[in-house]
Amino acid sequence: MNTLTGFTAPLAQAIEFIWREAELLDHKDYVQWAALWSESGRYVVPIDPDTDDFEANLNYAFDDARMRDLRIERLTAGYSPSAVDAAKTVRSVSRFTLVEAAGEVVEVNCAQLLYAYKRGVHTPFVADLNYRIRFSAGVATLERKVVRLINSTDSLSALGFLL
């Protein structure tokens, strides 16, 4: 059943996938989040807001499957004080724009407002997101997620969790 009337089928499917990903991250369900990814998928948080050459530039995150697994291990193993006392987060994802729908791959741009709460302090993280999602045989997998923080060139802290 399509719950998003007025959208094309590829965009509606992508939006539902993106909302599900945000929910998993807010609930710190990193195992299920990791299952959303393709083996070749990339999670990228660039410092330079204008770059598309992520390999040649410095990034806050440039994770392949191995690095995502290591990041999840750090977040869940209980060895890191910042992970044990991890921030509570709430994400709101909106302003969806279909970039391309070609074959099995759908690319979507959207905006994210993320609030992290830790030790009485609310910290906003605002970003433009780009998703590349593959829909194959009824299964959606994340090929790429790029998080372009609007203040990425400022000095940032508390980026240990997944954006």
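The values are calculated or read from the model by the stated rules, or taken from the named source; none is laboratory data. Since we're looking at a predicted model, the values are computed, not measured. Counting neighbours? That spans all protein chains shown, and the Cβs are built from the backbone with ideal geometry, glycine included. Keep in mind that these areas ignore ligands, DNA and RNA; they rest on the heavy atoms of the full protein, side chains included. Shrake-Rupley method; radii C 1.70, N 1.55, O 1.52, S 1.80 Å.
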query: Among (1) in a loop (DSSP other than H, G, I, E, B); (2) open to solvent by less than 80 Å² (accessible area, probe 1.4 Å), which single condition is residue 154 missing?
result: (2)
field: Sole exception among (1) surrounded by fewer than 19 Cβ atoms within 10 Å (Cβ to Cβ); (2) touching a residue at least 40 places away in the same chain (Cβ under 8 Å); (3) among the polar types (S, T, N, Q) for residue 112, by number
entry: (1)
- prompt: Which condition does residue 43 not pass, out of (1) open to solvent by 70 Å² or more (accessible area, probe 1.4 Å); (2) in a strand (DSSP E or B), if it passes all the others?
  reply: (1)
- line: Scanning region 138-149 for residues that are among the β-branched types (Val, Ile, Thr) and modelled with pLDDT of 95 or more, the one farthest from the chain's Cα centre (by Cα) turns out to be 141
query: Can we say residue 75 is at pLDDT below 95, in contact with a Gly (Cβ under 8 Å, 6 or more places away or on another chain) and either open to solvent by less than 80 Å² (accessible area, probe 1.4 Å) or acidic (Asp, Glu) (or both)?
result: yes
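Conditions (1) touching a residue at least 12 places away in the same chain (Cβ under 8 Å); (2) farther than 27 Å from residue 11 by Cα; (3) polar (S, T, N, Q); (4) touching a Lys or Arg at 6+ places or on another chain (Cβ under 8 Å), marked per residue:
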| site | (1), (2), (3), (4) |
| --- | --- |
| 120 | no, yes, no, no |
| 128 | yes, no, no, yes |
| 131 | yes, no, no, yes |
| 135 | yes, no, no, no |
| 138 | no, no, no, no |
| 150 | yes, no, no, no |
| 155 | no, yes, yes, no |
| 162 | yes, no, no, yes |
task: Assess whether residue 142 counts as being under 21 Å from residue 38 (Cβ atoms), open to solvent by less than 30 Å² (accessible area, probe 1.4 Å) and in contact with a Gly (Cβ under 7 Å, 6 or more places away or on another chain).
output: yes
Residue selected from region 116-137 under the condition open to solvent by 60 Å² or more (accessible area, probe 1.4 Å) and modelled with pLDDT of 95 or more, by the criterion farthest from residue 38 (Cα to Cα): 128
query: For the subset of region 104-120 comprising residues that are on the phi < 0 side of the Ramachandran plot and of a type outside the set (A, V, I, L, M, F, W, C), which member is nearest to the chain's Cα centre (by Cα)?
result: 112
message: So, in region 96-109, exactly how many residues are β-branched (Val, Ile, Thr) and open to solvent by 50 Å² or more (accessible area, probe 1.4 Å)?
response: 2
